[in-house]
Structures are given as C-alpha cells and as structure tokens.
Amino acid sequence: MTVHAVSKPLAGRVAVITGASSGIGEATAEHLAGLGATVVVLARRADRLRDLVTRIEKDGGTALALAADVTDAAAVQAAADRVQAELGGADLLFNNAGVMLPAPVEERATEQWQQQIDLNITGLMNVIGAFTPQLVAAAAERGVADLINTSSIAAQNIFPTFAVYSGTKAYVSHLSRHLRAELGPKNVRVSALEPGIVGTELQSHVTDVGALEWLDGSRQAMEWLTADDIAQAVGFVASQPPRVNFQQLTIMPTAQTS
C-alpha cells in the first residue's frame, strides 16, 4: 500500500454532507476533505458554507457548497442533480441534518414536534430519495458506496421530555437497518451512528427549562464528545475495505452511562 493511499484513503470519492454549516456536519466535511474526498456541503446557511469551503480549499481540499433546506424535496433534488452534473454523482452520503427540541409532552409543543419530524425524518428521507440512485450507481461501478445516517443514543435509551426527538432518532436507526438489507446486496453500505451527548449548536436550540437544567448538569458532570470525535468516526467507517459494514456505531462520552 502506498503512503498516498494511507494518508488519503478517500481520494477519488465524492462525499455529500448535510447539516454542514455547523457542528458535526462542519467537522466531518473538513475531516473527509483531509482524507482526500471531494466534499459537497449542504445546509441552509449559504454564508457559513462559503466560509467552510474557503477553509477546506485553503487546506488543499476540494469542496462545493450547495445551499438548500432538506425539508424542501425539490431543492434537495436540484442539489443532487448538480452533484451528478458537476461531479459525476456521490458515492458517500453523510445524512446529518437534525434538530433537538425536548419538552414535556403535556405542554403540547406541537410546532416543535412538527419541526423535529419535518427535519429529522422527512428531511432525512428527502436526502435519501435524491441521492440513493447515485450511491447505487457508484457502488456498481467501483464496488462500494456509503450511506451514513446520524441517529442518537436516544434511539435506544430513555430520556424524559425527549420523547419526540428520541422517536425520530429511533426511526433513523430502524430505517438504517432496513436500508442495509435492501442496499447491502448492491454494495451500498448503510450505517447508523448513535452518539451520546456531543457539544454542538444543537443544545442552543433547546428552550425547555427542565431540559436546559439537565443539559447544564450533564456538562458539569462529564466531558462531552466533540464534533471532531464524530467526524473521526465517519472517516473511519467510510475508509474500511468494501467488505466491512459497521451497521450501527454507538459513540459515548466515557462518563455517560445512559
């Protein structure tokens, strides 16, 4: 194996990252570019994406910014069409856009319920629908492609007031298992990442007082994961030999026990 292959294991690959304007998506875009992939960064905030592309290119990487809201199916399809036309299609999709808005169900915060369902489920499906044909085509040509979905430990564990968020993430994990059964025979690897608490912009969206107090206590009691920790995991999963599929990867802060 050449030194180049070791240092740039994703050279020649085209990676699409959603939710790329901050947090895990931003860190993953920079990391995958460092591993040699051409990265397509997709999110709503065009200014943040431009800054990200500038940093990646300054470090010698290649990136394309596509501003789109993943809850808009037509906008996502237009983005996929551009990736096909300009880069020949994606062979790695990190489906990462999401929002966390905990609140007691008795408060009937229906707008927040809908926002989480729209982004964490419908947005996820819009992206999968638009890019899966490219993944299947790439896998047929080169023998492997990757669909990596961001779920959460909340898909498995119980967190009071996080019921709707946890339900959306349970959907992501279970969907990923089914998609692996469907796409694995076509050489498309499907993985669900289930992180514990990661310090990102996600916590800044929380408005429920009880949840904010719980998060503050958690931050004081333990060292949270960082966005870079998850980015490293994505790079690791995507860099495996084609025969290796990490179906589900749980990543926890050492001190988090639930």
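The values are calculated or read from the model by the stated rules, or taken from the named source; none is laboratory data. Quick caveat, the model's predicted, so the values are computed rather than measured. Neighbour counts run over all protein chains shown; Cβ positions are idealised from the backbone, glycine included.
Tabulated values for the structure
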read-out	value
Candidate set: region 51-86, residues that are of a type in the set (Lys, Arg) and out of contact with any helix residue (DSSP H, G or I) (no Cβ under 8 Å at 6 or more places or on another chain); chosen: the one farthest from Phe131 (Cα to Cα)	Lys58
Which listed residue, of Ala29, Ala46, Ala109, Ala75, is among the small types (Gly, Ala, Ser) and within 17 Å of the chain's Cα centre (by Cα)	Ala29
Selection from region 218-249 of residues that are closer than 16 Å to Ile24 by Cα and in a loop (DSSP other than H, G, I, E, B)	Trp224, Thr226
Members of region 162-196 found to be assigned to a helix (DSSP H, G or I), touching a residue at least 24 places away in the same chain (Cβ under 8 Å) and closer than 28 Å to Glu141 by Cα, listed by number	Val172, Ser173, Leu175, Ser176, Arg177, Leu179, Arg180, Leu183, Gly184, Lys186
Of all residues making up region 142-159, the number that are within 16 Å of the chain's Cα centre (by Cα) and not in a helix (DSSP H, G or I)	8
Exclusive hit being assigned to a helix (DSSP H, G or I), in contact with a Gly (Cβ under 6 Å, 6 or more places away or on another chain) and either closer than 19 Å to Met125 by Cβ or at pLDDT 95 or above (or both), set Ala11, Ala29, Ala33, Ala80	Ala33
Some residue of region 153-175 being hydrophobic (A, V, I, L, M, F, W, C) and over 25 Å from Pro102 (Cα atoms)	no
Selection from region 50-67 of residues that are in contact (Cβ under 8 Å) with a residue 12 or more places away in the chain, touching a strand residue (DSSP E or B) at 6+ places or on another chain (Cβ under 8 Å) and not in a strand (DSSP E or B)	Arg50, Leu52, Val53, Ile56, Gly61
The listed residue being surrounded by fewer than 18 Cβ atoms within 10 Å (Cβ to Cβ), among the small types (Gly, Ala, Ser), in contact (Cβ under 8 Å) with a residue 12 or more places away in the chain and farther than 18 Å from Ile24 by Cα, out of Gly199, Gly210	Gly210
Within region 99-141, tally of residues that are surrounded by 17 or more Cβ atoms within 10 Å (Cβ to Cβ) and in a loop (DSSP other than H, G, I, E, B)	6
Candidate set: region 196-225, residues that are among the hydroxyl-bearing types (Ser, Thr, Tyr) and either touching a helix residue (DSSP H, G or I) at 6+ places or on another chain (Cβ under 6 Å) or more than 18 Å from Thr257 (Cβ to Cβ) (or both); chosen: the one modelled with the lowest pLDDT	Ser204
Hey, Ala65 more than 18 Å from Ala138 (Cα to Cα) and in contact with a Leu (Cβ under 6 Å, 6 or more places away or on another chain) or not	yes
Selection count where residues are more than 30 Å from Glu141 (Cβ to Cβ) and in contact with a Leu (Cβ under 9 Å, 6 or more places away or on another chain), scope region 91-101	3
Hits in region 5-61 - residues which are under 15 Å from Gly235 (Cα atoms) and of a type in the set (D, E, K, R)	Lys8, Arg13, Glu26, Glu30
Verdict on Ser258 being under 22 Å from Val164 (Cβ atoms), over 15 Å from the mean Cα position of the chain (by Cα) and not in a helix (DSSP H, G or I)	yes
Filter pass, Ile24 being touching a Ser or Thr at 6+ places or on another chain (Cβ under 7 Å), outside any helix (DSSP H, G or I) and surrounded by 17 or more Cβ atoms within 10 Å (Cβ to Cβ)	no
